[in-house]
Each structure stands twice: as C-alpha cells, then as structure tokens.
Amino acid sequence: MTEMAHGTVLVQSGEAILPRWWRTVDRVTLACILTLFLIGLLLGFAASPPLAERNGHEPFYYVYKQAFFGGMAFVAMILTSMMSPTMVRRIGVMGFFGAFAALALLPVFGTDFGQGATRWYSLGFASVQPSEFLKPVFVIFTAWMIAASQQIAGPPGKTLSLFVMLIIVGFLVMQPDYGQGALILFAWAVIYFVAGAPIWVLGLVAILVCAGGVFAYSTSQHVARRIDGFLSPEVDPNTQLAYAANAIREGGIFGTGLGEGSVKWTLPDAHTDFIIAVAAEEYGLVLVLLIIALFATVAMRAFFRLMKERDPFTRLAGAGIASLFALQSIINMGVAVRLLPAKGMTLPFVSYGGSSLIATGIAVGMLLSFTRSRPQGEIGDILLNRHR
Amino acid sequence: MTDPRRIALRPLARILEARQKGENPDAIERENLRLRHEQQRDRLRQRAESRLLVLAICFFAAFTAVGVKMTALASSEAAEPRSATSGSSIISTRADIVDRQGRVLATNLVTNALYVHPHELIDPEAAAAGLAAIFDDLDEATLLRRFSSGSRFMWIRGSISPEQQQLVHDLGEPGLLFGPREMRLYPNGAVASHVLGGARFGEQAVNAAEIIGVAGVEAHFDEELRDPARNGEALELSLDLTIQAAVEEVLAGGMTIMNAQGASAVLMDAHTGEVISLASLPDFDPNARPRPLLEGDPSQSPLYNRAVQGVYELGSTYKLFTVAQALEEGLVNTETMIDTQGPLRMAGFSINDFHDYGPRLSVRDVLVQSSNIGTARLAQMIGAERQQQFLGRLGLLEALDFEMIESRQGRPLYPSNWGQLSTMTISYGHGISATQLHLAAAYATMVNGGTLVRPTLQRQAEPQLGERVISEETSMALREMLRAVVAEEEGTANLAEIAGYEVGGKTGSADKPNPNGGYYEDRVIATFASVFPSNDPQYVLVVTLDEPSISVLGETRRTAGWTAVPVAAEVIRRVAPLLGLRPQTVDPELAYSLSSASQ
C-alpha cells in the first residue's frame, strides 16, 4: 500500500555496477577498440621517431605521450559506457553547448599553430581541437532533438537541429576546416535518415553537399589542388599521396619488416593522416586488412545491435556515432589508397593525437553505452498485440 | 493503412457512452493517444531497422572497397621513381656526331653523378672534409651547412671521373651515392666548338639524365639526335676535322700577329654548299661550356660565333655583286670606262676612294683596285630596286636557314628606306651588314658558274645547282677579275699569292660602327673573301679579323690587304693540300707534259 500512496521506492538493482556493465557491454567491440589502440601504439614506435627527432625529443617521446593519452581515453571511454543512455544524453547535451561555445570563440582565443587554419586552443602542454569534441556531442544533441520531434505534438526538432548544424558547419568552414564540416553534415544526415527522412530531403542534402564541394573547390586553392591531384591519373611522385601509395606497394603482403620502412622519413604526416601507409610498409597487407576488419567489426556490430534498439534517441545517437567513426576511418584509409581525394583526417585510435584520442574515446564510450544489451520490452509487445 | 492522425482521439460515440456510464472521457483520449504513440513507434522502428541495415551495407561496402584497393595496391609492383628505369635503357640514346670522314666529333661517355642523402651520412663533418679534398671547388663549410639544412637529397656533381668516384667511394660514407648516367663528350676539345655547340643535362633522375643540346648543331638537331628510332646512327656533318683543326690553328696565329680581337673563317665547297670548316675565335671547350654573359656585349663572350651570329658590314667584298649585276644586265662590259673622279657628292654625303685613281677606270679595274666611286657609279646605273632584288636573290637580305640555331640571330641589316644614297653605299658594302656565312655563300654562287648555293653542314651527295643568278659568262669574268685582285700589281690582295695555287678574291675593310653612333676611325672589320683554284673555283674561304692592326715599315695598317689577306693565304697554303687539290708546278707547260705523260 505504501507503494500506491508514495510511488515506487528506489530499488537497488540486484547487481553490482561493474559486473552488470561487463555483462551488458559489447565486449567484442571493446576488444576491437583495445586492439586498434595497441596497433596504434605499435605503429607509433615505427612512425613517430622521425617527428621526435625533428622536434628534438627522445625517439619514443610521442609513443609515451600517446600511451598516456590513450590511458586517459580508455578511462573516459569506460566511464562513459557505464552511463545509461539518458545520462549520456543529459551530459552530452550540456557538453554540446560547451563545445559549441568553444568552437564559436575559436576566432577570438584560438591559435592556428602556423598552419593557416584556426582550429586549436593551446593549453601549453597540449592543444585541444574543439571540433573533435563537438562531433559526438553534436550527434547526441541532434538525436535528442529529432527523437523528441517524433513525439506527437513534440518540438520542431528537425528544423532546429538543421539550423544548429548549418551554424556549426558555417563556423568550421570559416576556420577553414572542410573535413570536420563535412563530417558534421554527414552525421546530421545519417541521423535524419535513420529517423525516417523522406527521400527527397536526402536528395536535397546530397545536392547541398555537392554544391558545398564545388564552393570549396572554387574558393580554396588548397582544396582545389588536392582534388586536382586526385582526379589526375598521374600522381606527382613528390606528393604525400605518391609516397603513401609507394609505401603500400613496397610493403606487399608481409611488409618490409619492423623499422625497415622508409616512408615515415619522407611523409610529414606519417604519424597521423598517413599512419596506414606506415602500417602497410612495415607490416604489410596483413596488418592493414586486420585494421580494416577491426573498424568494420565495430561499425557493423553497432548497427546490428542498434537495429534491435527500441528507444528512438538511443538508436539515432548510436547510429550517428557509429557512422562518424566508420566514415572517419574509411576516409583516412581511402585517401592513402587514392580512393578519395586527399583530406587530412586522423584514423581513430590509431593516429597520434592527444585531444583527438580522448574525444574518440568519449565517442566510443557513448556508442558502447548505447549498444549495451538491455531489456527491449519484447514481452510488452506480445502482451500489447494480444490486446489489439 | 490509414493515417492515424486522421482518426479522432476523442471518438464521439465512445465519449457519449462513457459519459452515460459516468466515466471520465479523458481516459479514452489518453488511451487512444497511447495506442497511436505505440503504433507510430513501431512504424518508425521498422523503418529505422531497414535504414540501419542500408547504412550497415553501405559501410560494409566502403570498408570492402578500401580493403580491395589496398590489396590491389599492395600486390602491384613497387614503382618508386628511383627504380623506375634501369640503367641500360638510356645508354646511347643520343646519337654521335661525326665529321665527313667518320671521325667522332661528339659522343657519349658513361659516368656517374654524385648525390647525397644527408640523413644517411654517418659523419657529415668527415664527409664534407673528404669531398672538399677531392673536389677543389667545393668548400667544406658550405657543404656542411648544406648537409644540415634538413634537405633529404642533394646533388653534388652532375658527372665525375672514375678516379674521383674511387676517391669518393673510399670515403666509405653510405650517404654518398652514385647515379649512373651518360655525359656528352667532345673528344677534340675546342676544335669545332662553335659548330658543335654543347649539351647539358636536362631532367635528372637518380639513375639517368636527359642530355639536351644547348647550341650549335647539338641544339639544331636535338630531336633527331635524341630520337630512339635513329638507333644510335651517327649524324654526319660536312665538316672535316683535320681541316677544321688546321684552320683554327692558322687563324689563332693570325689573330695574335695581327693584334686582332677576334677572328673567324668559313671554308665552303663552292658547288655543294658544304661547310668544310667554320671557325670563330676566341673559342671554348664544349666539354666545359662557359656561362653566357648576362650583361654587356654578348659578342665579347667566347660563346659568340662570329661567322654565323656576327652581323658586320663587310665592305668592298660587296663590290663583286655590283659589278656582277652591272655585267649581267648588260649595262657595261669589263672594259667599259667608269668615271672615278672624286669625291662623289650625293645628298650632302661625299664618297671617297682610299686614294685617287684618276678620272676614269675600266669596270675591271674598278673591282681590282677597289674604287668606291666607280662602284657607286655602277650602282647608280643599276638603281635601288634592281640592286635590292639582286642582293635578295643572293640571300643577303634575310637570315640563313643553316643547321645551327645561332644562324637565326644572323639577320642582315639594311636601310628600311633604300634610297639612291643607300644604293651607292651598299654597292661597296657600307650601310648593309650580313654574316660571313652569307658572304661565303654569295661568293660561291658568283664563281661556281652562277647557280645559287645555300650553305649547309650536312653531307651533300652532289652540287646543289640552285636557281641561276648570273650567267656562266659573267661568272667566268668575275673569276678572272678576282684572280687579278690577287695577281696584279695594282690589286688589293697581292699577299694572297701562293706558290702552286691560283687564288682569287676580294678584300673588304669596313669601319666598325660605334654603338654610340657613327663609326670608329681606327677600328675595322677586315675581310678577305677568296676562291681557289681561281680558274675553276672549288672552295670559297672567307677570313675576317676583328680590329686587326699591324705596324708595317713604321706605318699602322688595318686594311684587309695587310691583315686578313695574309692570314687567308696561310690558311689556303695549309688546307689546299688537305682538300686534295693538286699544286700547280712553277712551269705550267711542264706540268701539262707531266700530266699527259702520266695518263
């Protein structure tokens, strides 16, 4: 009777947090992520000494740094994955406003590190790229908005999130950072697609993307050069692309052997954007195919688990994050094999980069949280159907 | 399926029924709302399920594509630039150049280039010191600075000798690397340097380098020489290496004796137009071609080819053309007397002779004694238009189509307004400029029987027999007069009389134009255009000295008769036997009896 009068008493779940987490989390994905990170460290031993030498550090300086940030990323990932989707949503939406503000204030407080694009905040010991953190929380925000709009008489979440997305893309293009801008746009489109977008809207988005590409091509020499380089059948042998392609060729099936590779000495971005070339050269096709398989496994498992998910928000947010993760890895590797035009994009967990590592860790933590197995009310279905 | 939104949340029938029963009708609305919600949710979930499947398939396809491309790339052959071409494929791609006897003028030599991978140097200081010791012109400090510049690749030398290669090898540095390549070699050094021109490395790869002709025939025939279809077949020139060497040697001696700034000579076959020898001093070694002058007068550079590029007023040598035209057009014959009373005034300009020849001279003597006034009178008879036409037919008004790229720069200069005064000065070679090669070709045309000859550096099988410019008779008369210039006491080229060979010719001394306007008083271009043997000329030799001056019997002499003529005579003395011309004995009758006896 007390329950009737005062509502349900808070009942402790009979299971401790950690065992429950371990039981419900997607352990295969977890293993894949861990393997990817370890491969990243292994490649860091190969790829980063030239950079360390250039910057006057001991040879494995960047490996230790990566291991440190990796540890932090793992803690963040596991903590995040322990939250319930609702908790992730609440914190994520708050985080979204924070990251949005950080992005908006970049032109005032940011630094460009002499690379011509103001994308970073310099914190002295490390630099932080707000757009890296913005991507997952933007997905949360959008999923929340669109899920809410599916309620009868719910808020106009689709329009609202569309405008927010356009503003963010605008900021990113101003930096300029077309790559991250495209990813944000893509994430929104995926969520909208999964939420049941009419086909004509998707067509419109596709047209917008093409128009944006043409705009970037015609206004930015930087972008134009890369696309021209991609379209021309002959590769200029002195470009990063050509070195990467040659490194993959040199590697063959089993690679040239540990530390025997030479591409890391020629490629300035060997430790980040072209890490896959280093992997291909020193460890061969075997390791590259393993990396591809790991990424594909993470993405596929996420999609198939989300297909069973009943909560619209969880489904949308999970799909968005999984897509971002998969797309980023596809772009990174696709550029190295010249399937795609050159676009600097890090390979999640494998490429060197502190803030990107932690941001990816948080994102994958969210994904793990969304894909945890939980009761989906199948019993309710059966009961309801009997009613109808 | 009907749109659930079109079904009322509060169906009137049920509400009324509920009201009658005293139930709260709001419960009906809430239940309907819940049902609708669940329906929509199921629908959306089904749609999302299929769309997630689509996404999964797309991503799986993309991952597969990356994997397949990666596999294809990894199993294809590595095509790194450094291993793209094997050394053997470039050997002997550029054809040799040989003279008319097949003697090598230019060939290729396999050698090595030296380059550095600074990051592979074990001890950059030692490497820099070692290289500086081997190559005199390398500086240790500069090398060390270059090694530490962060560059990952740098050339040290385009080609090194085997000895140098061994020394570099002995340094034992893994970062010092050799790239095999061919270099162009001119085994005769400076001989025929202007004709050959030179070559340089074009595109350089680590294990091969393109050779590009930069001047002379190397540049003109660049494509032919590089053509792989040629299969290494040598390019045969009309030059004769022996004769070229002799001409250069005599010319160099003459240049010194005559205190000249430069000297040049063209020896040409009068019938075929083949250039047997073409020399210009000072010259250079095409194996180590000097840098072109970036400022100042390019003609001061040893690279300057006086015979082909140098456009000079060639003075009285042009009188031959005036006399030839006057004879050819029937205006005069060789004995027609011409008024030579000086000075000849015309439009505020007066024409003088070197010395007074008296009131009248025959046409023949006008040429033999080189009277400006007499020639100008002949030109007056011919008129501007016909003179211009005649010189044009001789090819003296346009650049030659010759097998050296420099010939394009040898574009003759003449007044745009070819009036009567110009006609008169041009008749004795003033106010008109051309190259020596132009002059040689025109003289060949004059004396070979009257058919046009174009100079060429390629072997010719037979006489050119071009367009007829003058008649056989006129040509014959000209030969006789040219011979008289050398043979007669009054002739201006007595010093060209050589035992055994009958030489004919015409001198020309033109004041050098001052770049600031006007002419120098004491600087001349002395030219002697000669033909030999004069009774049936086979060869034309044009010798030009730039600013010669010698002191003879206490007098400074600059005119061609004193300077260019003796040098040309010495050239003929040396080369006529080499050309296979039979010297005539002192007694022609004895020679005749000997030759008839031997037959």
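The values are calculated or read from the model by the stated rules, or taken from the named source; none is laboratory data. Since we're looking at a predicted model, the values are computed, not measured. Cβ placement follows ideal geometry from the backbone for every residue including glycine, while neighbour counts extend to all protein chains displayed.
The figures follow:
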item	result
Filter result (surrounded by fewer than 22 Cβ atoms within 10 Å (Cβ to Cβ) and within 8 Å of chain B (Cβ to nearest Cβ)) within the stretch A:257-284	A:TRP265, A:THR266, A:GLY284
Test: residue in the stretch B:351-361 that is in a loop (DSSP other than H, G, I, E, B) and on the phi > 0 side of the Ramachandran plot	yes
Any hit, the stretch A:145-162, residues being under 24 Å from B:PHE59 (Cβ atoms), among the basic types (Lys, Arg) and within 14 Å of another protein chain (Cβ to nearest Cβ)	yes
Pair list, Cβ under 7 Å, 6 or more apart: the stretch B:22-48 residue within 11 Å of another protein chain (Cβ to nearest Cβ), other residue in a loop (DSSP other than H, G, I, E, B) and loosely packed, with under 13 Cβ neighbours inside 10 Å	B:LEU33/A:ILE152; B:ARG36/A:ILE152; B:HIS37/A:ILE152
Verdict on A:PHE163 being in a helix (DSSP H, G or I) and in contact (Cβ under 8 Å) with a residue 12 or more places away in the chain	no
Condition check for B:PRO180: in contact with an Asp or Glu (Cβ under 9 Å, 6 or more places away or on another chain) and touching a residue at least 24 places away in the same chain (Cβ under 8 Å)	no
Which listed residue is part of a helix (DSSP H, G or I) and among the hydrophobic types (A, V, I, L, M, F, W, C), from B:LEU109, B:LEU143, B:LEU114, B:LEU177	B:LEU143
Condition check for A:THR346: β-branched (Val, Ile, Thr), in a loop (DSSP other than H, G, I, E, B) and in contact (Cβ under 8 Å) with a residue 12 or more places away in the chain	yes
The stretch B:180-192, subset outside any strand (DSSP E or B) and not small (Gly, Ala, Ser), residue nearest to B:ASP222 (Cα to Cα)	B:TYR186
Near pairs, Cβ below 9 angstrom, 6+ apart or cross-chain, from the stretch A:258-275 (part of a helix (DSSP H, G or I)) to any residue that is charged (D, E, K, R) and crowded, with 19+ Cβ neighbours inside 10 Å	A:VAL263/A:GLU250; A:VAL263/A:GLU281; A:VAL263/A:GLU282; A:LYS264/A:GLU281; A:LYS264/A:GLU282
Check on A:ILE191, within 14 Å of chain B (Cβ to nearest Cβ), in a helix (DSSP H, G or I) and surrounded by 22 or more Cβ atoms within 10 Å (Cβ to Cβ)	yes
Sole exception among (1) under 27 Å from A:GLY320 (Cβ atoms); (2) touching a helix residue (DSSP H, G or I) at 6+ places or on another chain (Cβ under 8 Å); (3) part of a helix (DSSP H, G or I) for A:ALA101, by number	(2)
Residue under evaluation A:MET300, criteria (1) within 7 Å of another protein chain (Cβ to nearest Cβ); (2) touching a residue at least 24 places away in the same chain (Cβ under 8 Å), criterion not met	(2)
Residues that are of a type in the set (Gly, Ala, Ser) and either more than 14 Å from chain A (Cβ to nearest Cβ) or touching a strand residue (DSSP E or B) at 6+ places or on another chain (Cβ under 7 Å) (or both), drawn from the stretch B:7-21	B:ALA13, B:ALA18
Contacts under 6 angstrom Cβ, first residue in the stretch B:427-456 being without any contact (Cβ under 8 Å) to a residue 12 or more places away in the chain, partner of a type outside the set (Phe, Trp, Tyr), 6 or more apart	none
Single match in A:PHE69, A:PHE37 (criterion: modelled with pLDDT of 85 or more, under 29 Å from A:ALA302 (Cβ atoms) and crowded, with 22+ Cβ neighbours inside 10 Å)	A:PHE37
